[in-house]
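This report refers to the structure that appears directly beneath it.
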Amino acid sequence: MKKAFILSIISIFAFQISLHAQETSLRLGVGYGFPLTRTFVGTTTVFGFNGSYGDAIFTSYGAGFNVNAGFTKRFKSNIGLDLEFQALFGKKIDIGYHADNVNDGVLPYNYYEDNPRSTYANAIYITPSVVFFVPVSKFEVYGKLGVVASISSTTYDEQFRTKTPYDNSNPTTSTGTKSETTGKFSLGFRSAIGIMIPMSQRISIFGEVSLTALNFIPDKKVITASTVNGSSNMSSLTVYQRETVFVKGATINLLVPIDQTKPSITGESRSSMSSVALQAGVSFKLSKVVTE
């Protein structure tokens, strides 16, 4: 409720200022984000006859391809307000486990386990910000500072394949699950610096670097697919097995019997969605040019 109130105040303030705007423009662009701050998302481990190794994976769900559209109103030649909408198609993050030729001292060395996993995020960002313009020769440098509101989700895909060690004729068994975790509405901060190069009186091209400070806060996870040897077993899963609710400071009483008709409850943990992104695109002036 507090976050929604703050965002409402910012929006009302921006609307009041925009009434005095002398120039409006529409901006369309694409970009790619790289991790800014990182959190732990899993490990990649390989076991083999000659040894094993593993890597802990630290990254940000905010990395990946994005498309954006922005609307800018200037109320002076050097200052204005901007409202940007951005869709993030997050980078796929691969994690997993693989064991091959495990030496148990008894069975032939043809046993293996394979547990590939991957995760990624999708998000919608809404960013109201203040923009400052500085004319330099035949182009403009600008800077933006604002608040970013996020509606996001993460997808987790896991496969598990094993082959029995007795002989190579035994079939491979496999299971798979796919789940989606919706995130809570979250607020962060975004800043950017860029350059605007006019191509005509009304059309310009731009490039910018933006920094986003934001967290993904999980709300609810739902298993959307579950298979055993290629066949779905979703019908056999209870609500407790399919759904998980994330609660801040959750406590679990192991003495209370599990109710299979209700979602499981687990503690809330935050993951980074912070990024530094490169953007480029085209800006179209929709109204008269600002004088002063």
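The values are calculated or read from the model by the stated rules, or taken from the named source; none is laboratory data. Note that the structure is predicted; figures quoted are calculated from it, not measured. Here the Cβ positions follow ideal geometry from the backbone for every residue, glycine too, while neighbour counts run over all protein chains shown.
Restricting attention to the stretch 223-247, the residues that are exposed (fewer than 15 other Cβ atoms within 10 Å of the Cβ) and either in contact (Cβ under 8 Å) with a residue 24 or more places away in the chain or among the charged types (D, E, K, R) (or both) total 6. Residue count for the stretch 84-128 under the criterion of being surrounded by fewer than 18 Cβ atoms within 10 Å (Cβ to Cβ), of a type in the set (Asp, Glu) and modelled with pLDDT of 80 or more: the result is 1. In the stretch 136-160, the qualifying residues are those that are in contact with an Asp or Glu (Cβ under 9 Å, 6 or more places away or on another chain) and among the hydrophobic types (A, V, I, L, M, F, W, C), and the one that is farthest from LEU83 (Cα to Cα) is PHE160.
Residues that are within 21 Å of THR182 (Cα to Cα) and of a type in the set (S, T, N, Q) were ranked within the stretch 129-158; the one that is surrounded by the most Cβ atoms within 10 Å (Cβ to Cβ) is SER152.
Any residue in the stretch 206-220 that is at pLDDT below 95 and of a type in the set (Ser, Thr, Tyr)? No: the stretch 206-220 contains no residue that is at pLDDT below 95 and of a type in the set (Ser, Thr, Tyr).
Would you point out which residue out of GLY48, GLY80 is out of contact with any Gly (no Cβ under 9 Å at 6 or more places or on another chain), at pLDDT below 80 and more than 26 Å from THR182 (Cα to Cα)?
Being out of contact with any Gly (no Cβ under 9 Å at 6 or more places or on another chain), at pLDDT below 80 and more than 26 Å from THR182 (Cα to Cα) holds for just one of GLY48, GLY80, which is GLY48.
The set of residues from the stretch 1-45 being under 22 Å from VAL130 (Cα atoms) and at pLDDT 80 or above comprises GLU23, THR24, SER25, LEU26, ARG27, LEU28, GLY29, VAL30, GLY31, GLY33.
Cβ-Cβ distances below 7 Å connect the following pairs, each with a first residue in the stretch 197-217 that is in contact (Cβ under 8 Å) with a residue 60 or more places away in the chain and among the acidic types (Asp, Glu), a second residue that is surrounded by fewer than 16 Cβ atoms within 10 Å (Cβ to Cβ) and in a strand (DSSP E or B), and a separation of six or more residues or different chains: GLU208/ILE193.
Please return the ranges of strands (runs of 3 or more DSSP E) entirely within the stretch 132-246 where 1 or more residues are of a type in the set (Lys, Arg) and over 26 Å from the mean Cα position of the chain (by Cα). Answer list for the stretch 132-246: 139-163.
Against the definition (more than 20 Å from PRO263 (Cα to Cα), surrounded by 16 or more Cβ atoms within 10 Å (Cβ to Cβ), among the hydrophobic types (A, V, I, L, M, F, W, C) and modelled with pLDDT of 95 or more), how does PHE189 come out, yes or no? For PHE189, the condition - more than 20 Å from PRO263 (Cα to Cα), surrounded by 16 or more Cβ atoms within 10 Å (Cβ to Cβ), among the hydrophobic types (A, V, I, L, M, F, W, C) and modelled with pLDDT of 95 or more - is not met.
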